Structure formats: structure tokens, C-alpha cells
Amino acid sequence: MAEDLIEIKKLRLAESVGEFIKYWGFKEIHGRIWLFIYLSKSPITAKELTAKLGVTKGLVSIALSELLAYGVIEKVNLGNPRSPGYQSSTNLVDVISNILRKRELKMTTNILNNIQSLAEEMKDEDPVVRQKLKKLQDITQFAVDSLTKLLDNKPIMTNRWKQLLKIMP
């Protein structure tokens, strides 16, 4: 009876973690799967995850591949190559850094490149619009610089951030 209650509460927690992870731009299933892998005493198979979560084998397979690509989980040989186990990566700081580098830094750098490209095309346009675009470029450059410093374990200057956030007339 207590075992059933524990499983019910694990599922409830997995749903909460899934909702939180979804907020950060991942799929809800990523958070649910990660939680079960993280709480497992030993490596857990895709088949076990499918049964525990009540989802399809295909959904689990795709989500496991994505979690492996982000370095959030690791594949473990359990003796059957067709049914490997999965365990949580042990260093969450490295995992978060890896995700920030692969996702957020890549996205903000792409935004910065698009701003710069547009600014170049608009060099002869309305000065007010160009000034707003310059402000957006400065904020985005700060975001790229800050992420890079964070990932390199260097200090971020918050006074620059405060200046950048002042609204233009």
C-alpha cells in the first residue's frame, strides 16, 4: 500500500517537474523522464520508463535521445545492447552549462546577428528607429556577453544591465 502511494507521489512530482521544464522551453516529457531516471537507485530502461509513465515507447525513445544529446542523462550497458539503461548525469552544473551553451547562447547569438544584419540594411533609415535598434543590439550583446562570462565562470557587471534597461523616450 505504501509502495503504491510512493509511486503515485512520484508521478505527481514528475508532472510538476515536467511543467517546470516545459516553462524553460523543453518538452514536459523531458522533465518527467529525467525525474524517474534521477530518483532511480540503478539505471532504468526505456521499457521501465514507458510502464511507469504510461506513455508510448516512441515518445520515450525520442525524449531519451534528446536528453542524451543535451548531456542530461547517460546511457549504461546493462548486458543487453537492445535494452540499455539510463542514469542521470552526476554533475548538474555541467549539464546546465551545456544546455546554456547549446541553446541559449546559440539563440541569443543568432538574435544578435539578425539585429546587426537589419541595422546594416537600415543605416539610411529613420534615426529614431535606428536608435531603438541600437538599444536592442546593446541589450542582446550584453546577454551574449553575460552568458559567455557565466559559462566561463567570470563576473557579470550588473550596472551595465541597469543602464541598458533604461527606456528610451
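Readers should treat all values here as calculations from the given coordinates under stated rules, not as data from a laboratory. This is a predicted model, so every value here is computed, not measured. Backbone-built Cβ (ideal geometry, glycine too); neighbour counts: all protein chains shown.
Which lysines have a Cα lying under 22 Å from the Cα of Lys102, excluding residues fewer than 8 positions away in the same chain?
Lys22, Lys27, Lys75, Lys149, Lys154
Just need the relative contact order of the stretch 2-90 here, percent rounded to a whole number, with Cα pairs under 8 Å and 6+ apart.
24
Taking percent of Cα pairs over 24 Å apart straight from the coordinates, which label in (i) 52; (ii) 41; (iii) 37 is the correct one?
Checked against the structure: label (i).
Hey, can you list the DSSP H helices of the chain whose Cα span along the axis is 15 Å or longer and whose average Kyte-Doolittle score is at least -0.5?
The qualifying helices are 2-23, 28-39, 57-70, 105-121, 127-151.
What is the local net charge at Leu165, summed over the other residues whose Cβ is closer than 13 Å to its Cβ (Lys, Arg +1; Asp, Glu -1)?
+3
Please find the FRET efficiency linking Lys57 to Ala2, where r is the Cβ-Cβ separation and R0 is fixed at 25 Å, and quote it to the nearest 0.05.
Taking R0 as 25 Å, the efficiency between Lys57 and Ala2 is 0.25.
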